[in-house]
1. Anything in region 204-232 that is of a type in the set (Val, Ile, Thr) and modelled with pLDDT of 95 or more? List them, or say none.
2. Can you find even one residue in region 32-47 that is part of a strand (DSSP E or B) and either surrounded by fewer than 16 Cβ atoms within 10 Å (Cβ to Cβ) or charged (D, E, K, R) (or both)?
3. Restricting to region 65-82, and then to whatever is out of contact with any helix residue (DSSP H, G or I) (no Cβ under 8 Å at 6 or more places or on another chain) and not polar (S, T, N, Q), can you tell me which residue is least open to solvent (accessible area, probe 1.4 Å)?
4. For the list (1) touching a strand residue (DSSP E or B) at 6+ places or on another chain (Cβ under 6 Å); (2) farther than 27 Å from Arg80 by Cα, I need the number of the one condition that His152 fails.
5. Of the residues Ala135, Ala150, which is within 19 Å of Ala213 (Cα to Cα), open to solvent by less than 30 Å² (accessible area, probe 1.4 Å), among the small types (Gly, Ala, Ser) and without any contact (Cβ under 8 Å) to a residue 40 or more places away in the chain?
6. Restricting the search to region 181-194, which residues are under 15 Å from Trp66 (Cβ atoms) and touching a Cys at 6+ places or on another chain (Cβ under 9 Å)?
7. Inside region 83-104, can you point out the residues that are open to solvent by 40 Å² or more (accessible area, probe 1.4 Å) and in contact with a strand residue (DSSP E or B) (Cβ under 7 Å, 6 or more places away or on another chain)?
8. Within the bounds of region 203-216, is there any residue that is open to solvent by 60 Å² or more (accessible area, probe 1.4 Å), among the small types (Gly, Ala, Ser), free of Cβ contacts under 8 Å to residues at least 60 places away in the same chain and not in a strand (DSSP E or B)?
Amino acid sequence: MRLVYPPRCLACGGLVESDFGLCAACWRDTPFIEGLACDLCGLPLPGGEAGERAHCDQCLADPPPWSRGRAVMLYHGTGRRLVMQLKHGDRQDIAAPGGQWMAQVIAPLLPEGTLVAPIPLHRWRRIRRSYNQSALLGRHMLRHLTGQGAQHVPDLLQRIRATPSLDGKSRSERHRLLSGALRLNPRHGGLVAGRPVLLIDDVMTSGATFRAATGVCRAAGAGPVLVLALARVGKAS
């Protein structure tokens, strides 16, 4: 099988040594977030040490409602290409390494017994796409979070109102469009109270979607809420 179907780079399609990997050039060009990052939104910050807790100017001026947040990479170049292929190109194979990268980033911050909840798609968009990329990332991520009692609940939240694409929308427009669009799944009404929750999504832009989802979880009595994105829109995007 390896002779007929040799492993290919996820980004460029070149030959690599193992499945679900990046070639050396694409790995080098992928804008992974390393070193100091904002403790609330994951945006890389200049100076400091990787373990230091610091906040970007935006989070200082308008603190988000969640406790801590991280992202794996910036949403530009190879990072944007990988996310777009996962989201719109039916490249579900990207979810496997994406989930592993996300687990590596969030594992040191994750409280014991955390509920992992992907940002939901509206049912019509879910039908058209045939999968929720955030749920795929969560499922693969859980395989690498051993010994922490994390529980993946892919239908914890529901999107009860279809919203248009948020691309190109202003921060205030994003918040307005998402107001009342999410709710807690009635089936899990008693699951959230007192439990830490990790919300995951493929991309964080303004944080409006995470804000709406955090509000739903906190209204249900959740413990600390953390957020995690595969990619973060930043200054370099």
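The values are calculated or read from the model by the stated rules, or taken from the named source; none is laboratory data. Here the structure is a predicted model, which is why all the values come from computation and not from measurement. Heads up, the Cβs are rebuilt from the backbone with ideal geometry, glycines too, and the neighbour counts pull from every protein chain shown. SASA here: full protein model, heavy atoms, side chains in, ligands and nucleic acids out. Shrake-Rupley method; radii C 1.70, N 1.55, O 1.52, S 1.80 Å.
1. Residues satisfying the conditions are Thr214, Val216, Val225, Val227.
2. yes
3. Going through the qualifying residues, I end up with Gly79.
4. Exception for His152: condition (2).
5. Result of the check over Ala135, Ala150: Ala135.
6. Hit for region 181-194 is Val192, nothing else.
7. Residue satisfying the conditions is Lys87 alone.
8. no
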